[in-house]
Amino acid sequence: MKKTTLALLTVAAMGFGSLTQAKEFDLEDPKGVNNIVFLLDAPLESINGTATGITGSVSFDLAEPESTSGKLVVAVDSLSVANPKMVEHMMGAKWLAAEEYPEISYELTGLSDVEKDGTMVKGTAHGVMTIKGVSKEMEAPITFSYLEGKLADRQRTPGDILVVRSSFDVKRSDFGINEGEMEDKVSDVVELRLSLAGFAPDET
């Protein structure tokens, strides 16, 4: 009897597992709302800006959030601050070298320290950040909110939304961005705040 029960439970578990699968969420927002805010607070100047040229995707399964993966890509020429001259310098060879390195990316390989609360998942993202041709492993706190069936409310298309939020710091010196220079005006520490949504339209 015990063997029969165990066999039935195993079959049921296998059947359930086959029904759960990750969904692919597109990070390119047709409304252009997705953004990353960057803040540099140096002794002489505080610089705030945004990046909006965001593409990529996230593979997410609420049943197995630890296996979340994906890639976020930011177009360097979409980074903007209020001072046009500062933008010109930022795109130049000493800083981000936008012509040679037109993209910043983060490749997400998984989550740890996962906490679930209904359809919200908090954890630590593990992945590789690449800026100006330099790649480094990086961890960051992250929150995913899975909004099933809510895509129709946003853009009249049946499907789901994955809201992604994260705030963390990077050092420009770690990526060879004018290392050790002008730190009284341009902080070495850059705070990043990600406000993103990914979209998974229903398959027709």
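Tell me, which residue of the range 91-135 that is among the polar types (S, T, N, Q) and without any contact (Cβ under 8 Å) to a residue 40 or more places away in the chain is farthest from V186 (Cα to Cα)?
First, pick out the residues of the range 91-135 that are among the polar types (S, T, N, Q): 105, 109, 112, 119, 124, 130, 135.
Adding the requirement that they be without any contact (Cβ under 8 Å) to a residue 40 or more places away in the chain leaves 124, 130, 135.
Values: T124: 28, T130: 20, S135: 22 Å.
So, considering only residues that are among the polar types (S, T, N, Q) and without any contact (Cβ under 8 Å) to a residue 40 or more places away in the chain, the one farthest from V186 (Cα to Cα) is T124.
Within the range 147-204, which residues are more than 18 Å from the chain's Cα centre (by Cα), among the small types (G, A, S), closer than 20 Å to L62 by Cβ and surrounded by 15 or more Cβ atoms within 10 Å (Cβ to Cβ)?
Selection gives G159 alone.
Looking only at the range 85-111, count how many residues are assigned to a strand (DSSP E or B), touching an Asp or Glu at 6+ places or on another chain (Cβ under 7 Å) and either of a type in the set (S, T, N, Q) or crowded, with 17+ Cβ neighbours inside 10 Å (or both).
Of the range 85-111, the ones assigned to a strand (DSSP E or B) are 103-111.
Restricting the remaining residues to those that are touching an Asp or Glu at 6+ places or on another chain (Cβ under 7 Å) gives 110-111.
Filter once more, so that each one left must be either of a type in the set (S, T, N, Q) or crowded, with 17+ Cβ neighbours inside 10 Å (or both): 111.
Total meeting the criteria: 1.
Identify all residues within the range 90-116 that are at negative phi, touching a strand residue (DSSP E or B) at 6+ places or on another chain (Cβ under 6 Å) and acidic (D, E); write none if there are none.
Matches in the range 90-116: E103, E107, E115.
Being in contact with a Phe, Trp or Tyr (Cβ under 7 Å, 6 or more places away or on another chain), assigned to a strand (DSSP E or B) and surrounded by 15 or more Cβ atoms within 10 Å (Cβ to Cβ) narrows it down to one residue among V121, V114; which is it?
Working: V114 fails: in contact with a Phe, Trp or Tyr (Cβ under 7 Å, 6 or more places away or on another chain).
Result: V121 is the single residue among V121, V114 that is in contact with a Phe, Trp or Tyr (Cβ under 7 Å, 6 or more places away or on another chain), assigned to a strand (DSSP E or B) and surrounded by 15 or more Cβ atoms within 10 Å (Cβ to Cβ).
So which pairs qualify, if the first residue must be in the range 65-77 and over 15 Å from G198 (Cα atoms), the second must be of a type in the set (D, E), the Cβ gap must be under 7 Å, and the two must be at least 6 apart or on different chains?
Every condition considered, the pairs that remain are S67/D61; A75/E103; V76/E103.
Examine the range 46-69 for a residue that is within 22 Å of D169 (Cα to Cα) and touching a Pro at 6+ places or on another chain (Cβ under 6 Å), and state whether such a residue exists.
No, the conditions are met nowhere in the range 46-69.
Among the residues of the range 168-176, are any assigned to a loop (DSSP other than H, G, I, E, B), in contact with a helix residue (DSSP H, G or I) (Cβ under 6 Å, 6 or more places away or on another chain) and either modelled with pLDDT of 95 or more or among the small types (G, A, S) (or both)?
Quick first cut of the range 168-176, residues assigned to a loop (DSSP other than H, G, I, E, B) only: 176.
When the remaining residues are screened for being in contact with a helix residue (DSSP H, G or I) (Cβ under 6 Å, 6 or more places away or on another chain), the result is none.
Checking the range 168-176: not a single residue is assigned to a loop (DSSP other than H, G, I, E, B), in contact with a helix residue (DSSP H, G or I) (Cβ under 6 Å, 6 or more places away or on another chain) and either modelled with pLDDT of 95 or more or among the small types (G, A, S) (or both).
The values are calculated or read from the model by the stated rules, or taken from the named source; none is laboratory data. Quick caveat, the model's predicted, so the values are computed rather than measured. All Cβ positions, even for glycine, are placed from backbone atoms using ideal geometry, and neighbour counts span all protein chains on display.
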